[in-house]
Amino acid sequence: MAKRFILITSPPACGKTRLAKRLATALDDTVYLDKDTLIVLSKQIFKVAGEPYNRSSDFFQKNIRDYEYAAIIDLGLEAIKYSSNVIINAPFTQELRNKRFIEDFKTRLSKLDAKLLVVYISATPELCKFRMKKRNSDRDKWKIEHWDEYIKGVNFTVPDIDEDELFVHKNSNDVEADEHFERLIKKVKDIK
């Protein structure tokens with residue numbers, strides 16, 4: 001049986017954490033990693049650099065963003081050596097639209113006898129804004145205050161990934177989310 005490396009992805013506030021934790025609980029022998037765990041480090045980088053805490057800023061994009069992704073991916077690749085499933089909860093907004101990234105990542109996984117599954121959560125900008133306000137996190141402060149500017153840079157289209165390696169999860173409401181979760185479990189268990 002192949003190992004499964006599952007990326008739970010979407011723009012911010014679409015429901016990644018809820019889905020990722022639910023999936024991690026439903027599967028055996030699973031390591032769950034959340035990129036938000038690294039925020040404590042990035043906050044310190046902002047502080048030391050004397051920059052305002054803004055995860056949408058040029059400073060973040062240039063000095064922090066890609067390093068957070070590199071760290072969480074490396075942690076996941078280390079974990080898949082010792083478990084059957086690794087779930088990473090992170091937006092991967094740029095990476096999943098980069099064919100070279102996907103192919104290189106699949107090559108790295110194949111050397112570890114692991115298969116990739118990208119779970120993309122489909123949601124509307126309005127639903128994301130609602131959820132962002134509801135979670136009331138300091139990482140979203142700038143986004144909420146500058147919503148029109150922020151949302152222009154967010155791509156809500158499903159990434160162009162091979163359908164064998166992609167699952168589109170819809171969760172506009174609890175009934176829809178439950179239906180799609182059952183389909184997701186089946187898709188994960190069918191990976192051989």
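Give me the percent relative contact order of region 1-154, please, defined on Cα pairs under 8 angstrom at least 6 residues apart.
43 percent
Give the residue from Ile45, Phe181, Thr157 lying farthest towards the positive end of the charge dipole for region 3-190; charges sit on Cβ (+1 for Lys and Arg, -1 for Asp and Glu) and the dipole is referred to the Cα centre.
Working it through, the farthest residue towards the positive pole turns out to be Ile45.
Would you work out which of Asn171, Ile144, Asn98 lies farthest towards the positive end of the dipole of the chain, given +1 charges on the beta-carbon of Lys and Arg and -1 on that of Asp and Glu, about the Cα centre?
Ile144
Treating only the Cβ atoms of Lys and Arg (+1) and Asp and Glu (-1) as charged, compute the dipole magnitude of region 3-190 about its Cα centre; round to the nearest 20 debye.
Dipole magnitude for region 3-190 comes out near 340 debye.
How far is helix 99-110 tilted, in degrees, relative to the longest principal axis of the Cα atoms in the chain, given as a value from 0 to 90 rounded to the nearest 10?
Tilt of helix 99-110: around 50 degrees.
For region 101-144 and region 151-179, compute the distance between their C-alpha centroids and round to whole Å.
10 Å
Any lysines with Cα under 29 Å of the Lys143 Cα? List them, leaving off those in the same chain fewer than 8 positions away.
In chain and number order, the partners are Lys16, Lys21, Lys35, Lys43, Lys47, Lys62, Lys99, Lys129, Lys133, Lys134, Lys152, Lys170.
First obtain the Kirkwood hydrodynamic radius of region 97-192 from its Cα pairs, then insert it into the Stokes-Einstein equation at 4 °C and 1.567 mPa s, and state the resulting D in µm² per second as a whole number.
The calculation lands on 82 µm²/s.
Helix-only mean residue ellipticity at 222 nm, the chain, DSSP H runs n ≥ 4 weighted -39,500 (n - 2.57), per residue, nearest 500. What is it?
Calculated mean residue ellipticity at 222 nm is -14000 deg cm²/dmol.
Residue farthest toward the positive end of the dipole of region 57-192, with Cβ of Lys/Arg at +1 and Asp/Glu at -1: which of Ile121, Asn89, Ala79?
The Cα lying farthest towards the positive end belongs to Ala79.
Compute the Rg/Rh shape ratio of the chain: radius of gyration over Kirkwood radius, all on alpha-carbon atoms.
We get a ratio of 0.95 for the chain.
Sorting Ser42, Ser83 on the 10 Å Cβ count, fewest up front, what's the list?
Going from sparsest to densest Cβ surroundings: Ser83, Ser42.
Since every read-out is calculated from the coordinates, none of them should be taken as a lab result. The shown structure was predicted, so the numbers you read here are calculated from the model rather than taken from an experiment. Because the Cβ atoms are built from the backbone with ideal geometry, glycine has one as well, and the counts that use them run over all protein chains shown.
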